[in-house]
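Here the structure comes first, spelled out in structure tokens, and everything after it is commentary.
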Amino acid sequence: MMRPKTWPLAVLAGLIVAVVAVLGWQRRTTERLRNQITTQRTAAGEWAQLNAEHQRLSAAQVMPEELEKLEVDRHAVTALWSEIENMKRRAEGIASINKTPVPPKIPQLSMKNGPIAALLWKNAGQSTPEAVFETALWAGAGGNVESLAGLLFFDADSQARAKTIFAKLPATMQQELATPERLIALLVARDVPLGSAEILTQITPVDPAADTKLHVKLTDPEGKSKEAYLSLQKQDGAWHFVVPPKAVERYATLLQTPVTTR
């Protein structure tokens, strides 16, 4: 039988044991809850990462129509680099030809009187339609894109279309060409054959504001010839070739076509 004076101590000891047991249970429960929360947070984080990756992959997935556009753009870039290389080779070829001695006192020749060979084309200025035509041939044959660009006139429509084409080019190519006008000049230069050229007729309108027309014949070194009508306008005392919107669209189509080395 417990002594009366010792039972409070026994009760107190029992309470302490109970409290310790309860605290231990709370600690284990809290730890378990923390582990569960950590696990859930980890799972939530992993799910968020997986969801973000899924969205990224979904956004990066290329649709068939986008693949087709990328293929067209690839052809455009390939075609343009091909033209740039062609112009460089032309410039080197003309430089090599110009080293050949030319007989002195060559009489002044006119393309209105018959074909003139590419070797004799020169920078004739822009004072007349015939002069600017020869200058354009000289610049195109020599790959002088800067000079050729200065001979071209763009209205608002054709300039806007040229800018649209230029904006789609890679940054490195934009840096190489510098301006939309130089891009079109590069593509114009490819139409200049290294054979001969002549002016068949010149059509001067009564209305000074209307375009002057040149009916020309261009012949390549193999003897194949083609005829074309060119429109010219006089701006600030100098003649320029008018670049119509249809011509810009034609060059845009050309860039989308695979090019073989000529």
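Exactly one residue out of LEU214, LEU230 is touching a Leu at 6+ places or on another chain (Cβ under 6 Å), closer than 13 Å to PHE153 by Cα and either surrounded by fewer than 14 Cβ atoms within 10 Å (Cβ to Cβ) or not acidic (Asp, Glu) (or both): that is LEU230. Selection within region 130-178: residues that are touching a Pro at 6+ places or on another chain (Cβ under 9 Å) and polar (S, T, N, Q). The member of this set that is surrounded by the most Cβ atoms within 10 Å (Cβ to Cβ) is SER158. The condition (being modelled with pLDDT of 90 or more and closer than 15 Å to LEU255 by Cα) is satisfied by just one residue among LYS168, LYS163, LYS122: LYS163. Across region 211-226, what is the total count of residues that are under 17 Å from GLY140 (Cα atoms) and of a type outside the set (S, T, N, Q)? Count: 6.
The values are calculated or read from the model by the stated rules, or taken from the named source; none is laboratory data. No experiment lies behind these values; they were computed from the predicted model shown. For neighbour counting, all protein chains shown are included, and Cβ atoms are generated from backbone atoms with ideal geometry for every residue, glycine included.
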